Amino acid sequence: MNTPEPFLGDVAHSPVRHHILSVMVENKSGVLARVAGLFARRGFNIFSLAVAPAETSARFSRITIVVDAESAPLEQVVGQLSKLVNVVSISDLAPKDAIERELMLATIRTNVDDRTGLLDVVGSSGAAIVDVDSHSVTLMLAGTPAACDALERELDNYETLELHRTGRVALPRLGKRASA
Amino acid sequence: MKITGAQALIKSLEHEGVEVIFGLPGGAILPVYDPLLDSTIRHVLVRHEQGAGHMAEGYALATGRPGVAMVTSGPGATNIVTAISNAHMDSTPIVIITGQVASAAIGTDAFQECDITGITMGITKHNFLVRDVQDIPRAVAAAFHIATTGRPGPVLVDLPKDLAQSMMEWWYPSTLEELDLPGYQPTVAAAPSLIEAAEALIRDSHRPVLYTGGGALKSEAWDELLAFAERTQIPVVTTLMARGVFPDSHPLNLGMPGMHGVYAAVTALQRADLLITLGARFDDRVTGKVSAFAPDAKVIHVDIDSAEHHKVRRADVAIRSDVRTVLRAWESDRVTPANLDDWWSQINEWRERYPLVYDPPTEEGPLRPQAVIEAIAQSSPEGTIVTSGVGQHQMWASQFWPFEEPRTWINSGGAGTMGFGVPAAIGAKAGRPDRTVWCIDGDGCFQMTAQELVTARAEGIPIKVAILNNAYLGMVRQWQEMFYEERYSEVYLSPDLPDYVKWAEAMGCVGLRATNLAEMRAAIDKANSIHDVPVVIDFRTDSSEKVFPMVAAGASNDDIMVHPLQRSAQ
Ligand SMILES: Cc1ncc(C[n+]2csc(CCOP(=O)(O)OP(=O)(O)O)c2C)c(N)n1
Ligand SMILES: [Mg+2]
């Protein structure tokens, strides 16, 4: 099998090719390296990856991986992942069956007396202002990846000093709960 | 009971029933070598850590029990990486214990520190860095459990020196829960609906083949395979990893498929309408060009590792199970294909037309490597274990040695590791001292790990080594001859540098040489009469000899090249 270059692309422009894996792992050192290393050596591409302690117990963490479903058949990705001894379970979420959210923080240059336009953008996008000084504001949006994309486009009209997105996390839509 | 971590490690290995460790000490593993003196476990002191790894593999492949290797940190650990990768590719159960620098020194570039768990992440089934002395028994027990269950493989346990030296309260896990492996579920019951779906495919087939791989050996399915094949009369092919799982003398056995496979085996797969794939993984050395492989065949794929399903070839029925369980489920008469008479008459025609052949040897030499292998086989007792290196000699050994029993053929398949043969033979002989063990080696391979013959002599492990000395890296030479217009680049080794007889003698072995047929017979007889020390025979073979049949890399199996002697007939 060939090993394509790792691809860290823009998932929003290719909505159908991604798939979301919600992977429960043991909370042990090196586990993230095992998961990342597996994707790298098998040539599976990742759009984003988010890790946090899981709800059940401190023994486990949940890794939400958005995979490029075109770089490898999903069953291969799941099959290889599930062989990692520290991987406890994998839920495979098709985008239509998942609630996906992402957090975005952006610091925009703007003077104190010239903020009305930006405040309108903030208001209409559902974002919030979380930090302010005399020549810039930091705003936050927690929303769907599409909402984050839309806000990012709006912000093209402003001078963005810094922008950071977390990559998405996801859970099954209620009524679609199934695990692999 | 309070004991040291080092004592706990040895005690844990004893608990796992380990009878021999292949290893070499050094600073970080030093504390563990002390309680070893008081243990019943035998230690075989190797001359290079790669040898320890291959010995553990040879032991595992010959006995069916996990092999164990123990080395120090840093260079000791990196020296065994090749063997770990080899075991990973061939799913061989071995446990590797590496010493590590003291916990507090980890991450500081301490003397002989290296991140061996990081290095081996992609080439072990799993690995552990032990962080708490109290966890040593659990890590060892988990390592053996993981190495030997499901799809087997190498597991590495990295032990910081300070833990080996600290005190712990002895305990040993007695339940799977205590191993604390919430993500490890190696076995699953094969779904009955899939077993039935496969049965339907078998019933409907007219040209089925049992494509049998290493998984059939791992699941010890030889009796079931024999019974199933005899009842259904379905032809069997045995991959390089499966040689011996089905007797070569059996009329249903077509032999090895693949790049250097028997014509009838390769072509039966190509023309089949159903591949009953048992623990094989559609390796490129078997399939040739994948898109042209067995184009008309439906595929049943039985594999304990579901990640193998659909990886290379989409299966019509994919069953996650060990091979034996499925063959047992298929014991009933429901699972019988249509009449196979036409299929067999076609196959028998291929067999008669294109058997394995070679140019007849001349009395005065040079020797034909194939004839040397046949002569050794004929003079060897039943159940003789054969190991090999990687290259032409390996392919000839697989082709011309008649394998009648499982676990008598030990070679490096997936990784193709030159130098595997000698240490693997030592490991096999250590595990099966009752058996005659021959290593059929190449001159190039021999030079990579020959120093382990010192180990063999010192430890009283009398293996026999046949060097098929063609003075070349012969397999590479063959490719250069056939695909690079005979432009030979860096493949010549010389027949007598080194002098293999003197080298063998310097290592405490008996060294013999044979350049013609009479010397060949005499040397083999002499070797067979020696039972206390290792023997090395330098067989001077024809450099220009090539392995046939051959499917060129990337070519379709339809374009198989037969031996020149058979070409006019084609
Ligand atoms: C460690 C390693 N290095 C290189 C190769 C590539 N290789 C495959 S076969 C071969 C030649 C082996 O020579 P020899 O042992 O003399 O065997 P022969 O083919 O002549 O029988 C080489 C170099 C390999 N498989 N393994
Ligand atoms: Mg050679």
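Using the Cα atoms of segment B:192-353, I'd like the radius of gyration and the largest Cα-Cα distance, Dmax, both in angstrom.
13.9, 42
Among B:I84, B:M55, B:A294, whose Cα lies farthest out toward the positive end of the dipole of chain B, if unit charges sit on the beta carbon of Lys, Arg (+1) and Asp, Glu (-1)?
Most positive-ward Cα: B:A294.
If I compute solvent accessible area with a 1.4 Å probe over the protein chains, what percent of it on segment B:514-570 is carbon and sulfur?
52 percent
How big is the B/A interface in buried accessible area, both sides summed, 1.4 Å probe, to the nearest 100 Å²?
Buried area (both sides, nearest 100 Å²): 1500 Å².
Identify which of A:A58, A:A106, A:A72 has the largest mean-square fluctuation in a Gaussian network model of chain A, with springs joining Cα atoms closer than 10 Å.
Of the options given, A:A58 has the highest mean-square fluctuation.
Residue by residue, what Karplus-based ³J(HN,Hα) values in Hz, rounded to whole numbers, does segment B:507-517 have, using 6.51, -1.76 and 1.60 with θ = phi - 60° and x for Gly and Pro?
Values, residue by residue: 8, x, 9, 7, x, 10, 9, 9, 10, 9, 5 Hz.
To the nearest µm²/s, what D does Stokes-Einstein give for chain B at 37 °C and 0.692 mPa s, using the Kirkwood radius over alpha carbon pairs as Rh?
134 µm²/s
Restricting things to Cα coordinates, could you compute the convex hull volume per residue of segment A:9-93 in Å³?
Dividing the Cα hull volume of segment A:9-93 by its residues yields 88 Å³.
Over chain B, give the accessible area per residue in Å² for a 1.4 Å probe, as an integer.
On a per-residue basis, 36 Å².
Shielding of B:112-122 by partners, i.e. mean partner chain Cβ atoms within 10 Å per residue?
Details: counts 0, 0, 0, 1, 0, 4, 4, 0, 0, 7, 6.
Mean shielding by partner chains, rounded to a whole number: 2.
Quick one: what are the phi-derived ³J(HN,Hα) couplings along segment A:136-151, Karplus 6.51/-1.76/1.60 with θ = phi - 60°, whole Hz, x for glycine and proline?
7, 10, 10, 10, 10, 10, 10, x, 5, x, 5, 5, 5, 4, 5, 5
Please give the charge dipole size of the protein assembly as shown, origin at the Cα centre, charges +1 on K and R Cβ atoms and -1 on D and E Cβ atoms. Round to the nearest 20 debye.
Numbers: 63 positive and 91 negative charges, 159 e Å.
Its charge dipole is roughly 760 debye.
So which residues in segment B:168-188 end up with at least 30 square angstrom less accessible surface once the other protein chains are there, compared with the chain by itself, probe 1.4 angstrom?
Going by heavy-atom accessible area, the residues of segment B:168-188 that drop by at least 30 Å² are B:D180, B:P182, B:G183.
Report the residue, chosen from A:A147, A:A98, A:A128, that carries the largest GNM mean-square fluctuation when chain A is represented by alpha-carbon nodes joined by springs under 10 Å.
A:A128
Specify the inter-centroid distance of segment A:80-157 and segment B:249-316, based on alpha-carbon positions, in whole Å.
50 Å
Any idea which of B:Y472, B:A514, B:P406 is furthest toward the positive side of the dipole for chain B, if Lys and Arg beta-carbons carry +1 and Asp and Glu beta-carbons -1?
Of the listed residues, the answer is B:P406.
Given a cut-off of 38 Å, what percent of all Cα-Cα pairs of the protein assembly as shown lie beyond it?
Values: 130459 of 280875 pairs.
So the portion of pairs separated by more than 38 Å is 46 percent.
Let me know the mean shielding of A:80-89 by other chains, meaning the per-residue number of their Cβ atoms within 10 Å of its Cβ.
If you average over the peptide's residues, the count of other-chain Cβ atoms is 5.
If you put +1 on each Lys and Arg Cβ and -1 on each Asp and Glu Cβ, how big is the dipole of chain B around its Cα centre, in Debye rounded to 20?
200 debye
Divide by every residue of the protein assembly as shown the summed helix terms, -39500 (n - 2.57) for each DSSP H run of at least 4, and state the resulting mean residue ellipticity at 222 nm, rounded to the nearest 500 deg cm²/dmol.
Calculated mean residue ellipticity at 222 nm is -9500 deg cm²/dmol.
Could you pull out the pairs from B:K218/B:K526; B:K2/B:K161; B:K125/B:K311; B:K429/B:K526; A:K28/A:K83; A:K28/A:K96 whose alpha carbons sit more than 24 Å apart here?
With Cα atoms farther than 24 Å apart: B:K218/B:K526; A:K28/A:K96.
Looking only at other chains, what is the average number of their beta-carbon atoms within 10 angstrom of each beta-carbon in B:125-134?
2
Leaving out ligands, DNA and RNA but keeping every protein chain, what accessible area does B:T4 have, in Å² rounded to the nearest 10, with a 1.4 Å probe?
My reading of the accessible area for B:T4 is about 30 Å².
The values are calculated or read from the model by the stated rules, or taken from the named source; none is laboratory data. Bear in mind that the values here come from a model prediction, so they are computed numbers and not experimental data. Please note: Cβ atoms are built from the backbone with ideal geometry, for glycine as well, and neighbour counts cover all protein chains shown. To get the accessible areas, we keep the full protein, side chains included, count just its heavy atoms, and leave off ligands, DNA and RNA. Shrake-Rupley method; radii C 1.70, N 1.55, O 1.52, S 1.80 Å.
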